[in-house]
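**Q** Have a look at this one before I ask anything.
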Amino acid sequence: MSIALYRVDDRLIHGQVVVGWGKPLNARFIVLVDDSVRSSDQEQELYRMGVPPDIEVVFASTAEARQRLSEWERDPRTGILVFGDIDTLAALAANGHGVSRVNVGGLHHRPGRSERLRYVYLSDGEAVKLKALAAQGVEVTAQDVPTTRPVPLEDFT
Amino acid sequence: MSEPLRGVIVSHAAVAQALLTAVAAITGVNDALVPVSNDGCDSGALTERLTRAIDARPAVLFVDLPGGSCLTSSVRLARGRTDVAVVTGVNLAMLLDFVFHRDLAPADAARRAAEAGSRAIRTPAA
């Protein structure tokens, strides 16, 4: 089944990912792509605590994720890949690297960002990067949970 | 006597506020707990909310789920500190016990609260 959801979410693994999406997708593994979490056993343990034991959690750096993306896409189980920012997404999707669709699930307020949706705040630079990815053929929509309507990129950038 | 513990309820949506309201309605104690919601927060913003709620006092953080953003921010804040402890699976029973045992050390209060909360989970015969 491979990766059913590529999600940008600055909370990384949390309830919406594990329960909101994980249940209806019947996800059997979750890949968390984040360089700082990858290098910290304490942080990994924190994120693992929120996941039922029958779901595998894989922690990867951005570089490792680029190398293993095709392996995860061939996995017969259903997976979710989550990362915390658009730069990580851009690195994963660079050179047509296999990311064809992206769910913007939660990017929250920070200095320099403005509200685009209730759960999506973007700087102008981040909006430009998303549009560039869309121009490369990546389908980008915003949707916090599966029961809401996916919002097309042009409606929030 | 040392300063009584502050309880900070850390939750999704309005669960924390609702629990605080219920504790006050049942006990009349309305100065022991502070609600914090993760609404609209990334981990940095939630940590700021928690820091304000703790207000440099000894505290127990009552987190709704044993995973997710409420937990990760709470544990990061408590890491390496003896004046802040974390309990997950907050319920009304543990809070009702906590507000009357705020003179304990944070870790002891957290353990006591966890036991009180666990005792409240039953499957009574109908």
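**Q** Could you please tell me which pairs satisfy a Cβ distance under 8 Å, a separation of 6+ or placement on different chains, a first residue in region A:101-116 that is without any contact (Cβ under 8 Å) to a residue 24 or more places away in the chain, and a second residue that is open to solvent by 10 Å² or more (accessible area, probe 1.4 Å) and in a strand (DSSP E or B)?
**A** Cβ pairs passing all conditions: A:H109/A:E115; A:H109/A:Y121; A:R110/A:Y121; A:R113/A:Y121; A:S114/A:Y121; A:E115/A:Y121.
**Q** Regarding region B:72-83, can at least one residue be identified that is over 30 Å from A:G105 (Cα atoms), without any contact (Cβ under 8 Å) to a residue 40 or more places away in the chain and of a type in the set (V, I, T)?
**A** Yes: one or more hits.
**Q** Still on this model: Take region B:59-93 and flag every residue that is hydroxyl-bearing (S, T, Y) and within 12 Å of chain A (Cβ to nearest Cβ).
**A** Step one: list which residues in region B:59-93 are hydroxyl-bearing (S, T, Y), which gives B:69, B:72-74, B:82, B:88.
Residues satisfying the conditions are B:S69, B:T72, B:S73, B:S74, B:T88.
**Q** Kindly establish whether A:P52 is under 22 Å from B:V75 (Cβ atoms) and surrounded by fewer than 16 Cβ atoms within 10 Å (Cβ to Cβ).
**A** On the way: under 22 Å from B:V75 (Cβ atoms): yes; surrounded by fewer than 16 Cβ atoms within 10 Å (Cβ to Cβ): yes.
So A:P52 passes the test.
**Q** Another question, then. For region A:1-43, which residues satisfy the criterion of being within 12 Å of chain B (Cβ to nearest Cβ), over 20 Å from A:Y119 (Cα atoms) and without any contact (Cβ under 8 Å) to a residue 24 or more places away in the chain?
**A** Scanning region A:1-43 gives A:S36, A:S40, A:Q42, A:E43.
**Q** Pairs please, first residue from region B:33-55 and over 16 Å from B:V75 (Cα atoms), second anywhere and open to solvent by less than 50 Å² (accessible area, probe 1.4 Å) and among the charged types (D, E, K, R), Cβ atoms under 7 Å, 6+ apart in sequence or on different chains.
**A** If the second residue must be open to solvent by less than 50 Å² (accessible area, probe 1.4 Å) and among the charged types (D, E, K, R), the pairs left are B:V34/B:R6.
**Q** So, A:P146, is that one under 17 Å from B:A45 (Cβ atoms) and not in a helix (DSSP H, G or I) or not?
**A** Values: under 17 Å from B:A45 (Cβ atoms): no; not in a helix (DSSP H, G or I): yes.
No: the conditions fail for A:P146.
**Q** Related question: If a residue counts only when it is farther than 30 Å from A:P52 by Cβ, open to solvent by 30 Å² or more (accessible area, probe 1.4 Å) and of a type in the set (V, I, T), which helices (runs of 4 or more DSSP H) contained entirely in region B:1-108 have at least 2 such residues? Walk me through it before giving the result.
**A** Working: elements: B:15-27, B:43-54, B:69-78, B:92-98.
Fully inside region B:1-108 and qualifying: B:15-27.
**Q** B:H101 passes all but one of (1) away from chain A (no Cβ under 14 Å); (2) of a type outside the set (A, V, I, L, M, F, W, C); (3) touching a Ser or Thr at 6+ places or on another chain (Cβ under 9 Å); which number fails?
**A** Going through (1) away from chain A (no Cβ under 14 Å); (2) of a type outside the set (A, V, I, L, M, F, W, C); (3) touching a Ser or Thr at 6+ places or on another chain (Cβ under 9 Å) one by one, B:H101 breaks only (3).
**Q** Would you pick out the residues in region B:32-58 that are closer than 21 Å to B:G117 by Cβ and more than 9 Å from chain A (Cβ to nearest Cβ)? Walk me through it before giving the result.
**A** Applying the first criterion (closer than 21 Å to B:G117 by Cβ) to region B:32-58 yields B:32-38, B:50, B:53-54, B:58.
B:A32, B:L33, B:V34, B:P35, B:V36, B:S37, B:L50, B:A53, B:I54, B:P58 - these are the residues of region B:32-58 that are closer than 21 Å to B:G117 by Cβ and more than 9 Å from chain A (Cβ to nearest Cβ).
The values are calculated or read from the model by the stated rules, or taken from the named source; none is laboratory data. What you see is a predicted model; the values in this text were computed from it and never measured. Don't worry about glycine lacking a Cβ; one is built from the backbone with ideal geometry, like all the others, and counts go over all protein chains shown. For the accessible areas, the whole protein counts, side chains as well, though only heavy atoms, and no ligand, DNA or RNA atoms are used. Shrake-Rupley method; radii C 1.70, N 1.55, O 1.52, S 1.80 Å.
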